[in-house]
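Novice: Let me begin by handing over the structure; questions about it come next.
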Amino acid sequence: MNRRYRKTIIAGNWKMNKTASEGKALLDEIKQSVGKIKWCEVVCCVPFVDIPMALRALKDTRIAVGAQNMHHEASGAYTGEVSAAMLKDLGVKYVIIGHSERREYFGETDELVNKKVLAALEAGLHPIVCVGERLEQRDMGITHELIAMQVKAALAGVPQDKVRKMVIAYEPIWAIGTGRTATAEQANEICELIRATIRKMYGARTARAVTIQYGGSMNAKNASELLAQPDVDGGLIGGASLKAPDFTAIVEAANQ
Ligand code: 13P
């Protein structure tokens, strides 16, 4: 992390876990244990139906609420979908876009991810855009090209003054939910590549202001080492965000 130029952000991605009542119990525990948050931003990205509960529970704290997805159109006949304006109106600050689970199980393409990014920014939300390679792609040696392409596609048409509002999360698919974390060097190498890609598109000042997270089996044990890397500006945390002591330990590692 490099706090001089950009925010460190620790975000929990609850995925499809926790009913509103279970989520409330978890947030109450997190609020108690997390202590004073000084040097980083903390976000809980909860299921849609948990959002009102989370906003109430976190009202007087420094923990922000995020969503895990949204539709790219402003409104209309899209049964079952949720728009960026609906999230913004509730008080949601962040929205995860293009998580590998959405790309894999719901067919989200780079083009769709780009549409969602543009819509989120337009509504005043901060998108957390996920990029990452599969193990076969890493083994083929195409990780750099692939990640650069995902970043370029996600950012297509994003105006210069909005790029700083974005967060990019590097989540190697082989590290998600597997307990197999990228090494700190591997994580930094790709976060640096993402920054270089943004630099080519928008220049050095903008690139150094963008928060780039690592995600994939980040936990209480490995967080400090990952966050010590110069280009790793935080974490997007799945499993460990569902346990208050683990999530708190990661926040503490970022709060040092
Ligand atoms: P895990 O931390 O469970 O590996 O999940 C990472 C992730 O997908 C966060 O979005």
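Novice: Could you rank the peptides 91-99, 104-112 by their average count of other C-beta atoms within 10 Å per residue, with the highest value first?
Specialist: 91-99, 104-112
Novice: While we're here: Going Cα to Cα from LYS152, which lysines come in below 20 Å? Please leave out same-chain ones fewer than 8 positions away.
Specialist: Qualifying lysines at Cα under 20 Å: LYS115, LYS116, LYS162, LYS165, LYS200.
Novice: Could you please state, rounded to a whole Å, how far the C-alpha centre of segment 100-170 is from the C-alpha centre of segment 71-87?
Specialist: Comparing the Cα centres of segment 100-170 and segment 71-87, I get a distance of 20 Å.
Novice: Let me ask something additional. So which lysines can LYS24 reach, going by Cα to Cα under 19 Å and dropping same-chain residues fewer than 8 places off?
Specialist: LYS15, LYS59, LYS93, LYS243
Novice: Quick check: at a probe of 1.4 Å, how many percent of the accessible area of segment 148-241 sits on carbon and sulfur atoms? Walk me through the numbers before you get to the answer.
Specialist: Working: 1840 of 3580 Å².
Within segment 148-241, the accessible surface is 51 percent carbon and sulfur.
Novice: Averaging sequence separations of C-alpha pairs under 8 Å and six or more residues apart, then dividing by the length of the chain, give the relative contact order as a whole percent.
Specialist: Values: 512 pairs, mean separation 60.7, N = 256.
Dividing the mean separation by the residue count of the chain yields 24 percent.
Novice: Accessible area per residue of the chain at 1.4 Å probe, in Å²? Could the numbers behind the result be given before it?
Specialist: Details: 11580 Å² over 256 residues.
On a per-residue basis, the chain sits at 45 Å².
Novice: How many nm is it between the label spots at ASP161 and LYS38, if each spot is 7 Å from the Cα in line with the beta carbon?
Specialist: So the label points at ASP161 and LYS38 sit 3.5 nm apart.
Novice: Next question. To check my understanding: the extent here is largest minus smallest coordinate of the Cα atoms along each principal axis. What are those three numbers for the chain, in Å, largest first?
Specialist: Taking max minus min along each principal axis of the Cα atoms, the chain gives 46, 44, 34 Å.
Novice: Let me ask another. Amide H neighbours of VAL43 under 5 Å, at least 5 residues apart or on other chains, H built in the peptide plane: list them.
Specialist: Counting only residues 5 or more places away or on other chains, the set is ILE10, ALA11, GLY12, ALA64.
Novice: Here's something else I'd like to know. Pop out the ³J(HN,Hα) list for segment 205-213 in order, Karplus 6.51 cos²θ - 1.76 cosθ + 1.60 with θ = phi - 60°, rounded to Hz; leave Gly and Pro as x.
Specialist: So the Karplus estimates, Gly and Pro as x, are 5, 5, 4, 6, 8, 8, 7, 10, 9 Hz.
Novice: Given q = 0.18 Å⁻¹, what are the Debye log10 I(q)/I(0) values for segment 91-243, with equal point scatterers placed on the Cα positions and solvent ignored?
Specialist: Log10 I(q)/I(0), no solvent term: -1.08.
Novice: Same structure again: Ranked from highest to lowest mean number of other Cβ atoms within 10 Å per residue, what is the order of the peptides 144-155, 68-79?
Specialist: 144-155, 68-79
Novice: Got a sec to turn the phi values of segment 251-256 into Karplus ³J(HN,Hα) couplings, 6.51 cos²θ - 1.76 cosθ + 1.60 with θ = phi - 60°, whole Hz, x for Gly and Pro?
Specialist: Those phi angles translate into 4, 4, 4, 7, 9, 5 Hz.
Novice: Another question, if that's okay. For segment 1-60, which whole-number percentage of the solvent-accessible area (1.4 Å probe, protein heavy atoms only) is attributable to carbon and sulfur atoms?
Specialist: Ligands and nucleic acids excluded, carbon and sulfur reach 53 percent.
Novice: Between VAL49 and ARG4, what is the FRET efficiency for a Förster distance of 45 Å, r being their Cβ-Cβ separation, to the nearest 0.05? Can you show the working numbers first?
Specialist: Numbers: r = 39 Å, r/R0 = 0.87.
Efficiency computed from Cβ-Cβ geometry: 0.70.
Novice: Enumerate the amide H contacts of HIS126 below 5 Å, restricted to partners 5 or more residues apart or on another chain; note that Pro and chain-start residues carry no placed amide H.
Specialist: Correct list: TYR94, VAL95.
Novice: Tell me the mean residue ellipticity at 222 nm calculated for the chain from its helices only (DSSP H runs of n ≥ 4, each -39500 (n - 2.57), averaged over every residue, nearest 500).
Specialist: Working: 12 runs with 113 residues, N = 256.
Estimated from H runs of four or more residues: -12500 deg cm²/dmol.
Novice: Sticking with this one: Over the Cα atoms of segment 35-163, what radius of gyration and what Dmax do you get, in Å?
Specialist: When restricted to the Cα atoms of segment 35-163, Rg and Dmax are 15.9, 48 Å.
The values are calculated or read from the model by the stated rules, or taken from the named source; none is laboratory data. Note that the structure is a prediction, hence the values are computed from the model and not measured. Cβ sites come from the backbone with ideal geometry, for glycine too, and all protein chains shown count toward neighbours. When the accessible area is computed, the model is the full protein with side chains, heavy atoms only, and any ligands, DNA or RNA have been set aside. Shrake-Rupley method; radii C 1.70, N 1.55, O 1.52, S 1.80 Å.
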